[in-house]
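Only one structure is covered here, and it is reproduced in the block below.
Quick note: the coordinates plus some simple rules give every number you see, no bench work behind them. Please read these numbers as outputs of a predicted model, since none were measured by experiment. As a convention, Cβ positions derive from the backbone with ideal geometry for all residues, glycine included, and neighbour counts pool all protein chains shown.
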């Protein structure tokens, strides 16, 4: 949207100004050349702003492509045997994530969401089940963090 607005401003404001300068007969040649130079520089700036805005939009989409992934750190004295992650509005936990792996005390693992989209919700419940069968459930905004530490 910003790119389109910048492009619109350059056509409506900069180009007519340049055209008007070419038709001015009373301006001295040196002043006219200086003004034309400024006009061209303004147009280059407007074009580069449009290009930057488009590129920034692509970068934002790429950065958002993995916005739910996080690193889970186990800073407890117990091993984590099971890990579940579910959208906060979900009524079920779904599949267990660690599989046959165990996250021992002091270890960490990267949790990824391969099917996430930019429309994926941000708020998730994370449930860990420890070796002694106790568990912990904590709600997190995964869009705002890159790691979760279980203490």
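Under 14 Å from a label point 7 Å along Cα→Cβ of residue 71: give me every residue in the range 107-151 with its amide N that close. From the range 107-151, the list is 107-112, 145-150. Extension gain for residue 110 to residue 40 (0.36 nm times residue separation, less C-alpha to C-alpha distance): 20.2 nm. Just check the range 70-150 against the gyration tensor rule for me: Cα atoms, a ≥ b ≥ c as the square roots of the eigenvalues, rounded for a/c under 1.5, and otherwise prolate or oblate depending on whether a/b exceeds b/c. Because a/c hits 1.5 or more and a/b exceeds b/c, the range 70-150 counts as prolate.
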